[in-house]
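Encoded as structure tokens, the structure appears first; notes follow it.
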Amino acid sequence: MIDKLVKAVALDGQVRVSAVDATGVVREAQTKHDTWSASSAALGRTLVGTLLLGSDIKDDARISVQISGDGPAGKIITAVDGEGHVKGYVQNPHVSLAPNEKGKIDVRGAVGTNGVFKVTKDLGLKEPFSGQVPIVSGEIAEDFTYYLAYSEQTPSAVALGVLVDTDETIINAGGWMLQLMPGATEETIVAVEKAIADIPQVTQLLSEGDTPSDMINRLFGEDNVKFLDERDVAFQCDCSKERFAAGLATLHGDEITAMIEEDGGAEIVCQFCNNHYHFSADDLREIHAHASK
Ligand SMILES: [Zn+2]
């Protein structure tokens with residue numbers, strides 16, 4: 001299945017909105033990292049939020065999100081590029097908790113409520129932009145909203161959802177994000193507040209068969225939406241054996257020698273996608289020979 005992210009403007013261009021069905025993305029993440037329900041929902045929501053945050057970036061630009069809370073899931077790190085490729089991991093994939101008071105997956109319990117929510121944007125300018133705010137919720141959508149309001153001064157609303165089956169597989173995942181443009185009228189603000197209050201949860205919409213465009217139409221009404229762009233998104237890591245070899249080349253000769261003598265090679269695992277790369281003793285000797293020239 002191919003996941004889609006749709007961008008639009010609404011209410012006479014006073015609101016920008018993006019919506020995504022990221023079911024395939026979160027399924028891939030769940031499979032690669034063997035995440036359990038609370039870790040799946042925490043990582044999945046962060047992946048969806050990262051995709052939405054990256055809906056405007058181009059080509060080789062890149063945005064990464066790092067959530068460092070005090071909950072059992074540990075750090076969550078994600079990154080998206082301008083082609084809609086997103087990757088990410090959660091430090092502890094095996095977190096499964098009792099449901100919260102609403103009967104839902106306890107994402108806050110997994111993430112924690114103390115810590116830092118950090119975004120780094122490398123938009124191809126001289127310096128990457130980086131902004132951080134304290135974690136205010138731990139449910140993640142509210143944390144994206146808070147980040148946008150306080151770090152980027154953009155009044156926003158974000159909804160993120162991941163529905164996990166009893167066997168840990170992902171039923172669906174997606175979200176939407178809207179931002180008020182400067183100069184939005186009082187009438188628009190009232191309409192947006194009503195739209196946010198009225199729209200059902202993302203996972204319910206996806207279960208009913210809504211596409212990202214349907215979600216946007218539900219928020220504002222078909223006549224008030226102008227669709228701008230649609231892109232494919234996917235969980236895809238940019239790691240390679242060459243890239244890890246370049247990393248190994250920066251190690252001290254002693255460290256490489258130790259890997260050869262003690263382990264007969266090296267096994268490197270990409271944190272983002274869990275791919276394993278094997279370097280034989282010969283591979284390591286060659287890397288070392290090149291590096292020491
Ligand atoms: Zn990787």
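Build a GNM of the chain with springs between Cα atoms under 10 Å apart, and of G74, G44, G88 the one that fluctuates most is G74. Checking the a/c ratio against 1.5 first, then a/b against b/c, what shape does the Cα gyration tensor give for the chain? It comes out prolate by the Cα gyration axes.
Peptide packing for 14-23, 154-163, 269-278 was compared via the average number of neighbouring C-beta atoms within 10 Å per residue; ordered from the highest value, the list is 14-23, 154-163, 269-278. Note on surface exposure: D282, D229 rank D282, D229 by accessible area, highest first, 1.4 Å probe. At an R0 of 25 angstrom, the distance between the Cβ atoms of H94 and Q271 translates into a FRET efficiency of 0.95.
Modelled spin-label separation between T31 and Q204, with each label point placed 7 Å from Cα along the Cα-to-Cβ direction: 3.0 nm.
Taking Cα atoms only, the orientation of helix 141-150 departs from the longest principal axis of the chain by about 80 degrees. Atom-type composition of the exposed protein surface of the stretch 3-235 places 48 percent of the accessible area on carbon and sulfur (1.4 angstrom probe). Answer rounded, prolate or oblate for the stretch 168-213, using the Cα gyration tensor with square roots of eigenvalues a ≥ b ≥ c: rounded when a/c is under 1.5, else prolate when a/b is larger than b/c, else oblate. Prolate, because a/c is 1.5 or more and a/b exceeds b/c.
Nearest 10 degrees is fine. How inclined is helix 281-291 to the longest principal axis of the chain, computing both from alpha carbons? Between helix and principal axis, roughly 80 degrees. In angstrom, the C-alpha Rg and Dmax of the stretch 11-129 are 15.1, 47.
Protein heavy-atom accessible surface, 1.4 Å probe, per residue over the chain: 49 Å².
Under the shape rule built on the C-alpha gyration tensor, where the axes satisfy a ≥ b ≥ c, the stretch 234-293 is prolate, since a/c reaches at least 1.5 and a/b is greater than b/c. What a 1.4 Å probe finds exposed on the stretch 241-291 is 50% carbon and sulfur by accessible area, rounded to a whole percent.
The values are calculated or read from the model by the stated rules, or taken from the named source; none is laboratory data. Because the structure is a prediction, the values reported are computed rather than measured. Ideal geometry is used to build each Cβ from the backbone, glycine not excepted, and the neighbour counts take in all protein chains shown. Calculation scope for accessible area: heavy atoms of the full protein, side chains included, ligands and nucleic acids excluded. Shrake-Rupley method; radii C 1.70, N 1.55, O 1.52, S 1.80 Å.
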